[in-house]
1. Checking the conditions here, which among 29, 79 is without any contact (Cβ under 8 Å) to a residue 40 or more places away in the chain, part of a strand (DSSP E or B) and within 29 Å of residue 102 (Cβ to Cβ)?
2. Any residue at all in segment 18-33 that is on the phi > 0 side of the Ramachandran plot and under 13 Å from the mean Cα position of the chain (by Cα)?
């Protein structure tokens with residue numbers, strides 16, 4: 001993935017800006033912080049989601065799956081992140097699936113549960 005990002009966008013400091021959603025193949029990479037060791041802000045996360053939404057509209061993408069973005073090592077609050085996602089995508093007909101990683105024994109397991117609806121979008125939440 002890093003190789004594809006470099007090939008498509010060049011040197012990160014010259015072309016990637018915080019608040020952008022960089023698409024490689026069918027994956028959106030949200031640039032929420034300047035350096036990997038920084039912590040993202042809700043403001044930059046929202047800017048990334050707005051950019052991602054615009055690209056999705058341009059490409060006529062109506063389904064997206066994601067983890068609980070920013071809520072793992074970056075320690076953002078999922079309730080706030082979910083609220084931002086709902087706000088950004090409220091006027092778009094889209095299906096959003098949120099996957100949660102739940103470690104169990106030695107096996108890795110992803111779970112998807114619950115459906116949350118906004119005015120025009122459906123959000124599955126796990």
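1. Just one listed residue meets the conditions, 29.
2. Taking every residue of segment 18-33 in turn, at least one turns out to be on the phi > 0 side of the Ramachandran plot and under 13 Å from the mean Cα position of the chain (by Cα).
Coordinate-derived values only; no laboratory data. Being a predicted model, the structure only gives us computed values, none of them experimental. FYI the Cβ positions are ideal-geometry reconstructions off the backbone, even for glycines, and counts take in every protein chain you see.
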